[in-house]
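K.L.:
What follows is a structure written as structure tokens; I'll ask about it next.
What follows draws every value from the coordinates through simple rules; no lab data is involved. The shown structure was predicted, so the numbers you read here are calculated from the model rather than taken from an experiment. No Cβ is skipped: glycine too gets one built from the backbone with ideal geometry, and neighbour counts run over all protein chains shown.
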Amino acid sequence: MKKTFLLTLLLCAALGVQAAPAENTLAFYKAQAQLVPAKPTTQERALAQALADNLGTWILQNSESKQVPEALLLQTQLYLNSENAGAAVVPFFKWQKIYAPARVSQDMLEKVLQGLHPSSRDTARQYFVAKTAAADASAQDKEADVLYALSKLYGRNFYAPASAAFESFFERFPDYEQNDKVELWYGDLHRANNNYLAAIAQCQKVFKLYPETPYRAASLRLTGDIYADMKETTKAMNAYAQVLREFPQSSERGIVFKHMGMLEENNKQYDAALMDYNKAIELLGKTDAAYEAYYGKADVYKKTKSFDEAYQVLQTTAAAYRNDEYKYVKALMDAAQVARKNLKDETKYVQSLEKALIAYPKSAYSSEIMYELGVAYEKQGKAKKAADLYRRLILDNPTDKMASKAQKRLSKLEP
């Protein structure tokens, strides 16, 4: 009898330590979350933080559960309730980019973004709404997509949770075929959050521990970029030189020359900077990086008071990017400013703005261009031409602030 009692007691104890089903555990967390009011006390904020952390463990343990999206959203809300918006960024991005919900709460998004530095919030919005991984992508690919977005963001309370997300990924997916790339993104996260030495260590890790990676040259170039951020010019130039020496066929060479040009320009080595910018333009084609190299050249010419050359470079830049509205219009507007401010040439000023307006009459800058042209026509004694342009501006963009300014000038021109 005594033996039977002991066996029964042990059986009950064994049953007692079995984990509750996943859905029951989540239901428990949901019930506990209801105890946290909209305006929590210090103790209630601590409860919200603990529940959110517990949910993180539940999500890892039940990654295949259909309730994971719900759990991520609850975790996000609990971190917000704990006044730790920085930690809320990670689960909210996972919820959106891995599970692609049909509706995104704009109100919650704005609350989450408070966990980032103001300089990072627009970037976060862009990555948040950017195209997610394909529906049939692997779980690793989808989560890597999240990490890529996180790697571009900066925030004091966000940095540690984001780092933990990277470490968790490497722990769970040590054999992921693109871990070399994810390692570099981890370096980007460190760099974005001003942990420069950790960023360099990540780049060196890829260079030394992934001998077959196609990103060895990129890891060296990024090392140079980080040293440049640190104002360690000699170390940066050494890293760039190593790329050029050891990877003569790499596509990184164009970026290297552009960044060498930037360093030399900052150090007033203007002749060397121009040579490097020219080489960068030659290698980079019609890319965004080449556009930046063109602008580097123009800046050097302005700094050396070679304003005719600066004007011509900006005209050449516009011609090279004729099919890109933003780049074309911006280059011509900047050329116009050089013409007016530095060359004192009103004809070139007007010609540059006219070219931009004719090519892209509905650009984001069209109201500004029309107004400035109208004022220029007035100075040239072309009152009718100015009035016609003011009317066009008012008709095309009636709510634009330039429209009210144009109306005032038009009123003075009309009888």
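K.L.:
Let's see if you can work this out: charge +1 on each Lys and Arg Cβ, -1 on each Asp and Glu Cβ, no other charges. What is the dipole magnitude of the chain about its Cα centre, in debye to the nearest 20?
P.N.:
1240 debye
K.L.:
Let me know the Kirkwood hydrodynamic radius for the range 259-415, please, with Cα pairs as the basis and the value in Å to one decimal.
P.N.:
16.7 Å
K.L.:
Over the Cα atoms of the range 37-94, what Rg and Dmax result, in angstrom?
P.N.:
Here Rg and the maximum Cα pair distance are 11.1, 35 Å.
K.L.:
Given C-alpha coordinates of the range 204-338, what is the ratio Rg to Rh with the Kirkwood estimate of Rh?
P.N.:
Taking Rg over the Kirkwood Rh, I get 1.03.
K.L.:
Another one. Can you give the calculated 222 nm mean residue ellipticity of the chain, where each DSSP H run of n ≥ 4 adds -39,500 (n - 2.57) and the sum is split over every residue, rounded to the nearest 500 deg cm²/dmol?
P.N.:
It comes out at -23500 deg cm²/dmol, rounded to the nearest 500.
K.L.:
Rounded to the nearest 0.05, what FRET efficiency do Asn54 and Ala201 give with R0 = 30 Å and r taken as the Cβ-Cβ distance? Could you check?
P.N.:
Between Asn54 and Ala201 the formula returns 0.40.
K.L.:
Shifting gears a bit: Applying the Karplus parametrisation 6.51 cos²θ - 1.76 cosθ + 1.60 with θ = phi - 60° to the phi angles of the range 327-334, what ³J(HN,Hα) value in whole Hz is obtained for each residue in order, glycine and proline being reported as x?
P.N.:
Result, ordered by residue: 5, 4, 5, 4, 4, 6, 5, 5 Hz.
K.L.:
Given just the C-alpha atoms of the range 29-134, how large is their convex hull per residue in cubic angstrom?
P.N.:
Taking the convex hull of the Cα positions in the range 29-134, it is 103 Å³ per residue.
K.L.:
Along the charge dipole of the range 29-134, Cβ charges K/R +1 and D/E -1, which of Asn84, Pro69, Leu55 sits furthest on the positive end?
P.N.:
Projecting each Cα onto the dipole axis, the largest value belongs to Pro69.
K.L.:
With unit charges on the beta carbon (Lys/Arg positive, Asp/Glu negative), name the residue among Tyr365, Phe307, Ser404 whose Cα is farthest towards the positive pole of the charge dipole of the range 306-415.
P.N.:
Ser404
K.L.:
Hey, which of these cross-link pairs are over 24 Å Cα-Cα: Lys379/Lys405; Lys30/Lys94; Lys30/Lys142?
P.N.:
From Lys379/Lys405; Lys30/Lys94; Lys30/Lys142, over 24 Å: Lys30/Lys142.
K.L.:
Related question: Answer with one residue from Ala336, Val256, Met108: the one whose Cα lies farthest towards the positive end of the charge dipole of the chain, charges on Cβ with Lys, Arg +1 and Asp, Glu -1.
P.N.:
Ala336
K.L.:
Here's something else I'd like to know. Report the gain in length on full extension from Thr42 to Glu246: 0.36 nm times residue separation, minus Cα-Cα distance, nm rounded to one decimal.
P.N.:
That works out to 67.7 nm of additional length.
K.L.:
So, one more: What number does the range 131-230 give for Rg over Rh if you use C-alpha atoms and the Kirkwood radius?
P.N.:
Answer for the range 131-230: 0.96.
K.L.:
Mind listing the phi-derived Karplus ³J(HN,Hα) values for the range 64-73, rounded to whole Hz, using 6.51, -1.76 and 1.60 with θ = phi - 60°, and x for any glycine or proline?
P.N.:
Going residue by residue, I get 8, 5, 6, 8, 4, x, 4, 5, 5, 5 Hz, with x marking Gly and Pro.
K.L.:
Let me ask you something else. Can you compute 3J(HN,Hα) from phi for each residue in the range 392-405, using the Karplus curve 6.51 cos²θ - 1.76 cosθ + 1.60 with θ = phi - 60°, rounded to whole Hz and x for Gly and Pro?
P.N.:
4, 4, 5, 5, 6, 9, x, 9, 6, 4, 5, 5, 5, 5
K.L.:
Straight-line reach from Lys303: which lysines have Cα under 18 Å away, leaving out those fewer than 8 places along the same chain?
P.N.:
Lys258, Lys268, Lys341, Lys344
K.L.:
Would you kindly state the longest site-free stretch of the chain, with sites defined as GluC sites (Glu not before Pro) in a DSSP loop (not H, G, I, E, B) surrounded by at most 10 other Cβ atoms within 10 Å?
P.N.:
Free of exposed loop sites, the longest segment is 213-415.
K.L.:
If you place +1 on the Cβ of every Lys and Arg, -1 on the Cβ of every Asp and Glu, and leave all else neutral, what size is the dipole of the range 323-415 about its Cα centre, to the nearest 20 Debye?
P.N.:
300 debye
K.L.:
Same structure again: Dipole magnitude of the range 29-134 about its Cα centre, charges +1 at Lys/Arg Cβ and -1 at Asp/Glu Cβ only, in debye to the nearest 20?
P.N.:
240 debye
K.L.:
Here's something else I'd like to know. What is the Rg over Rh value, at two decimals, for the chain, using alpha-carbon atoms and the Kirkwood definition of Rh?
P.N.:
1.12
K.L.:
So for the chain, averaging the separation of alpha carbon pairs under 8 Å that are six or more residues apart and normalising by length, what relative contact order in percent results?
P.N.:
6 percent
K.L.:
Give me the percent relative contact order of the range 29-134, please, defined on Cα pairs under 8 angstrom at least 6 residues apart.
P.N.:
23 percent
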